[in-house]
Structure formats: structure tokens, C-alpha cells
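Every number in this text was worked out from the coordinates using simple rules, so none of it is lab data. Predicted, not measured: the structure shown is a model, and the values here were computed from it. As a convention, Cβ positions derive from the backbone with ideal geometry for all residues, glycine included, and neighbour counts pool all protein chains shown.
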Amino acid sequence: MLRAWSSADVRAAEAPLLAAGEPLMDRAAFALHVEVVRLLRAHRRERRVHGARVVVLAGGGANGGDALHAGALLARRGAAVTAVLAGERAHAGGLAAARAAGVRVLGDVAVGDAVVGDAVGPDDEGDEPGPLVCDALAGADLVLDGLVGIGSDGSGLRGLARALVAAVPTGTGGGHRPVVVAVDVPSGSGVDDGRVAGDVLRADVTVTFGAPKPGLLLPPASGLAGQVVPVDIGLTLPAGGVAVGRLEGADVAALWPVPGATSQKYARGVLGVVCGTTRYPGAGVLATSAAVLAGVGMVRFVDERDERDERDERDERDERDEREDPAAPPRPAGPLATAVLAARPEVVVAGAVGDGRVQAWAAGSGVDPADPARRRDVAAVVAAARDGVPAVLDAGALDLVTEGLGAHVVLTPHAGELARWLADRGERVGGVPVDRDAVEAEPWRWARRAHDLSGATVLLKGATTLVVGAGGSTWSQADGPAWLATAGSGDVLAGVVGALLAGRAEDVVADPALAARLAAAAALVHGRAAHHATPGGPVSALAVAHALPAVVADLLAQDGAPAVRDCPA
Ligand SMILES: NC(=O)C1=CN([C@@H]2O[C@H](COP(=O)(O)OP(=O)(O)OC[C@H]3O[C@@H](n4cnc5c(N)ncnc54)[C@H](O)[C@@H]3O)[C@@H](O)[C@H]2O)[C@@H](O)CC1
Ligand SMILES: Nc1ncnc2c1ncn2[C@@H]1O[C@H](COP(=O)(O)OP(=O)(O)O)[C@@H](O)[C@H]1O
Ligand SMILES: [K+]
């Protein structure tokens, strides 16, 4: 599991060690230079550090200090290192080490009484990098972004730092682009909230010290961090202080409900499904297929009834009442259930919500809010969820969700659906109703707001899927390829979440915070199933569902889990 702690927690953990004189910056810089060495060897044709051209962008704080010390170590290994000082001051120790190691220093920074280096910008040009800086960047094999770390307030880079970021070649049009390594965090990104205000240098790798910071896991900033390499510098972080987590394979294996020798299908969990309509049966097929293939004990699929069906049922019930005959004849499957059965013959069809017991519900995928009969079924599921039955509510169920649900209920909106839901409840930003752009700019903020308003666990879908559950516990999963953005893949995710809620229903009722971990686990498996179905290429939603058994089997095998174990529920 990857865990991110807030910058305040990291600073608090650093403080006693710094006071005791522990060489934290030396540890950070050494690990940073080791990662740079690895990258230079991997990316340079010459496969070595000697002769590599490295540019260190150094701000005036300790983040710049880390970068300068790492630059010094690289220079001592034969790299041609240029440091560009972007702050009004420079980290004295880092600068001294860099100069002693032969790093070329460019900057107008006063250190003590002295002005060091060359002018960054041409005279009177303010914050423009000068030709020496631009030449160094144009020829760089690798750029170290040490402009600002956890000292940033996330409101965007200022001054020369901003201009330097804009001057790094981006490789557009097939041109040269250096490898970019962010020091601790991509400079200027929202360290604690994942916001991105203004230009931030996109990193290939972020080497982060003590612990990952939340912004490395939270979109949109997480999309600029590249691969996150945490470095242990000896901090002891507070056990309960995790701000954001990311599940890995072993965590998911430990959460997955696995049948034991004495398990039977009912005890393993029955999932009731109210997804799809006669007009749009696909969502019914996909959600049901996913639940079955994710390993649920049984699916009870609620068929769609129109008003004529309901009239016939009423008449038939009245006739039975007159005859005092309690046994209802089995009703033939309608067109929707027929389509679902054709894909998944193992499904049991129910005539209505409440016909037969279930441990959890999945409802709303592929249900049109304008369809009155199907909406009644969805409303019945929402009522059951309100009464304490674990449920995943998707798409056409979301607008029936009001406040006062518990975290045992998982909502699965995408950004547009979440924006609509929030706007309908009067949520505004900058004086206007929350829209999709606002949610995409601050997804964590709005997912938390939806959790606060509804009480439910909120799984916000996207390239990175965020899950906010009981107590605001947050999970960030980025496991799927962009190919997963395909019609129907959300229906598959709803089926997987439903399967997990059904399989661990008793545990979820006892501890609703578990629902967020299960939802995050579902997102991981869903993403991996897309990779597995077509490595590197297009994937259909049904193919994602069909890949689920193999992905789950792989996870359980890697966990070293026994082939059979008792179901935790
Ligand atoms: N204290 C230590 O010994 C350690 C610190 N560490 C490093 O220290 C960093 C934190 O250092 P600091 O607290 O000095 O803060 P930073 O270095 O992150 O930021 C402060 C500097 O950035 C400038 N700055 C702030 N906002 C800016 C903006 N919007 N645009 C342009 N410049 C801006 C400030 O003027 C100041 O010069 C961590 O991120 C980490 O890299 C690590 O080396 C671990 C040990
Ligand atoms: N760029 C992306 N990269 C990876 N996964 C994505 C990306 N965009 C969307 N997804 C995932 O694809 C799924 C799309 O779901 P959704 O928007 O509900 O589609 P539909 O309604 O067609 O089923 C979600 O699981 C989401 O997290
Ligand atoms: K940085």
C-alpha cells in the first residue's frame, strides 16, 4: 500500500530529527542522485553518468538545497552540471557543495554579501531566463526540478521559477525533451490537495522524501508526477495520519472474499441487480456479467416491468385472492431478463425488488431517469440501502440519493454526474453552480463534499479514481489504461463493486469504512482487467468483464494465499 502524509505531518516528523542534527538533507540528496544515475544510465546512449548534461533548477529553500547537493554528487561522478538559481536567495550549504564540486552556477542570487554567477536574464528583462540558461536547458539530458517543495502554497509558481518551467523543452513536434526528475514534488503543484494552478513541469519521476505527499496521488497534480519513488530518510510518521492511500495487489488479495471448503452460494453473498432497461439492456448484461465473473455467490436480476405487466400482476393477484390460492405462478422472463440470461445463464431472475433475499444491491447503471417503471425499482433499492443494506448506486440512481445515507452505500459518479448532483444541491464555486470543469480541477474537494452531504462512500471515476469513505478516508487508484474510457466500462465497475459488497456484506455493515477499501479494490481489479484483456490496445467493456477471473486469480496467487480459505464475511 502506498500511503501519503500531509506536508504538516512530514514537517512535524522531520523537526525532532533536524533538532538532533540528523543529516536529512544529505540522505535525501544522496537518494536523489542515485535515482538520477539510474535514469541517466537507462536513457543515455552512452549508458553512463560521465559527460551527461544535467541542469539543476534550484529555488531558495531546502528543496533547492536537496537539488544542489544532488547536483554536486553528480558533478563528482563526471556529469556536466549547471545549476540555475531561481530564488532571491540560495540554500547556502547546497550552493557551497555545488561550487566545490565544480557545478556551473547561473544566477543573480546574493549569498551573504556576494553576488554569484552570471546574470540569468538580459538586462532589464525582469524574469526572463537568459541565453546561457536557455542553451543549458536546450542541451540537457536531464533536468532536476528543485524550485519549490512542500514550501509551496499551491497557488502557482511566481517570477523566474515560472519562467524557467516554461523554458524547459517539451519535445513537442518530435524535438528534444530532457528527462525531468521532480525533487520531492513537481514544483508548484498542490502538495496537500492535488490542485494545479499555473504551469508545473511534468516529471518523469518524482523522488519524494520521508513519505509521498497527497498531491502525488491526487489528480490533477498526480498526473504530473510520473513514477513516484519514495525515499526513507528515517522519519516516523503518525500511524493515523494517512491523508490518502493507494491499494496495491497484495492489499486487494487480502480484501477479496474467497470461498472456503464449507461455503455455499447463499452464504457467499447474493447481489441484487437493477441495471439496464428493455431499451438499453447492455448495462444489465455488463453489470451482471462483471459481478458473476468477479466471483459473487449468486446474482438475482430484477426484471423490468412496464405498466401493463404491473396491471396483469395486480389482476392475477386479485384472482388468486378470490380463490384463496397463495401460490404465484412463475412469471416468464421479459425481454430485458431474456437478454441478461442469454449472456449469463447462471443468473436468477426476480420479478421485483424484495422477491428473494440479497446481501447487497447494484442499481442505476443504464437506467434512464425518465423511465418511470424502472425508476420505481431503483427507488426501492435506495430505500433498502437507507435501511442498511450495502449497495452500489450508479448513473440513473444518483439523483435519487439524498442526505443521510451511510458509508455502506457506494456512489459511483463520473465527474459530469458528480457535478450535476452537487449543483442540484446548490453547491457553487466562484458564484456559479459546480460544473464538470470544477470537479476535474479539484476532484478530491468535491468527492469529499459529496461524501459529507450524502454520508455515502463516493467513488469518483476518472483516469485516477478517487474513493472517499467513512471519516473522509481516501483512496486513489490509477490502475487502468486510457482505453478503459469506453462505453459500458462503468457498468462493469458497478458489477465488481457490487460483488465485493455482497461477498463481505456482514463486514461492511459492521464497519462501513470497509466499503471504501472494497470500492478501491474494485477499481484496481477493473483497471488491471483492462490491461489484461488487451495489453496496450483497445478494449471493450465486455472484454474487461471476461478478464476478471484471471486477474483475481493472479492477485490471489501473488498474495501467496492458499487456494481455499475461509470467507472473511
Ligand atoms: N529541512 C530538511 O532538512 C529537509 C527538507 N527537505 C526538503 O525541503 C523541502 C521544503 O523546504 P522549505 O521549507 O525550505 O520550502 P521549499 O524549498 O519547498 O520552498 C521555499 C522556497 O520556495 C520559494 N517559493 C515558495 N512559493 C513559491 C512560488 N509560488 N513561486 C516561486 N517560488 C516560491 C520561497 O521563496 C522559498 O525560496 C522539501 O520539499 C524537501 O525537498 C528534505 O531534504 C528533507 C530534509
Ligand atoms: N483516461 C482514463 N484512463 C483510465 N481509466 C479511465 C479513463 N477515463 C475513464 N476511465 C475509467 O473508465 C470507466 C468509465 O466509466 P463511465 O464514465 O461510467 O462509462 P460508462 O457510463 O460508459 O460505463 C471508469 O471506471 C473510469 O474510471
Ligand atoms: K520540486
Label model pair Lys265, Thr402: point-to-point distance (7 angstrom along the Cα→beta-carbon line) in nm is 3.8 nm
At a 10 angstrom cut-off on C-beta neighbours, averaged per residue, how do the peptides 53-63, 314-324 rank from highest to lowest? 53-63, 314-324
Test of understanding: express the Cα radius of gyration of segment 423-508 as a ratio to 2.2 N^0.38 Å, with N the residue count. 1.20
Post the alpha-carbon centroid distance, segment 193-217 to segment 267-304, in whole angstrom. 39 Å
Give the residue from Ala31, Leu460, Ala470 lying farthest towards the positive end of the charge dipole for the chain; charges sit on Cβ (+1 for Lys and Arg, -1 for Asp and Glu) and the dipole is referred to the Cα centre. Ala31
Sorted by mean Cβ packing within 10 Å, highest first, what order do the peptides 199-210, 224-235 take? 199-210, 224-235
With each pseudo-label sitting 7 Å past Cα toward Cβ, what's the Glu46-Ala383 distance in nm, one decimal? 7.6 nm
Please state the equivalent ellipsoid semi-axes for segment 350-507: what are the square roots of 5 times the Cα gyration tensor eigenvalues, largest first, in whole Å? 24, 17, 16
As I understand it, the dipole of the chain uses +1 on the Cβ of Lys and Arg and -1 on the Cβ of Asp and Glu, about the Cα centre. Which of Leu286, Val302, Thr262 lies farthest toward its positive end? Thr262
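Tally Lys and Arg at +1 and Asp and Glu at -1 over the other residues with C-beta under 11 Å from the C-beta of Glu427: what net charge comes out? Can you show the working numbers first?
Values: positive: Arg420, Arg425, Arg428, Arg445, Arg449; negative: Asp424, Asp435, Asp452.
Charge balance near Glu427 sits at +2.
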Could you work out [θ]222 nm for the chain from helices alone, using -39500 (n - 2.57) per DSSP H run of at least four and dividing by all its residues? Round to the nearest 500 deg cm²/dmol. -12000 deg cm²/dmol
Quote the Stokes-Einstein diffusion coefficient, in whole µm² s⁻¹, for segment 1-111, based on the Kirkwood radius over alpha carbon pairs, a temperature of 20 °C and a viscosity of 1.002 mPa s. 145 µm²/s
Please name whichever of Ala86, Val185, Val133 sits farthest to the positive end of the charge dipole of the chain, dipole taken about the Cα centre and charges placed at Cβ: Lys and Arg +1, Asp and Glu -1. Val133
Once all Cα-Cα distances of segment 454-569 are split into 5 Å bins that start at 0, what whole-number percent is in each one? 2, 12, 21, 22, 20, 14, 7, 2, 0
For segment 1-57 and segment 329-398, write down the distance between their C-alpha centroids in whole Å. 53 Å
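Using only the Cα atoms of segment 2-246, build the gyration tensor, take square roots of its eigenvalues as a ≥ b ≥ c, and label the shape rounded, prolate or oblate: rounded if a/c is under 1.5, else prolate if a/b is larger than b/c, else oblate. Walk me through the intermediate numbers first.
Details: a/c = 1.40, a/b = 1.33, b/c = 1.05.
Rounded, since a/c falls under 1.5.
Taking the Cβ-Cβ separation of Ala254 and Val34 as r and a Förster radius of 25 Å, what is the calculated FRET efficiency to the nearest 0.05?
On the way: r = 32 Å, r/R0 = 1.26.
After rounding to 0.05, the efficiency reads 0.20.
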Suppose every K and R has +1 on its Cβ and every D and E has -1 on its Cβ; what is the size of the dipole of the chain about the Cα centre, in Debye to the nearest 20? 1660 debye
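What is the ratio of the Cα radius of gyration of segment 286-370 to 2.2 N^0.38 Å, with N the residue count, to two decimals?
That works out to 1.23 for segment 286-370.
Are there GluC sites (Glu not before Pro) in segment 400-442 that DSSP puts in a loop and that have at most 11 other Cβ atoms within 10 Å, and which ones? If you can, show how the numbers build up before the last one.
Values: sites: Glu403, Glu417, Glu427, Glu440; in loops: Glu403, Glu427.
For GluC sites (Glu not before Pro) across segment 400-442 that sit outside H, G, I, E and B with at most 11 neighbouring Cβ atoms in 10 Å, the list reads Glu403.
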Taking the chain, how much of its Cα-Cα pair set, in percent, is spaced more than 38 angstrom apart? 40 percent
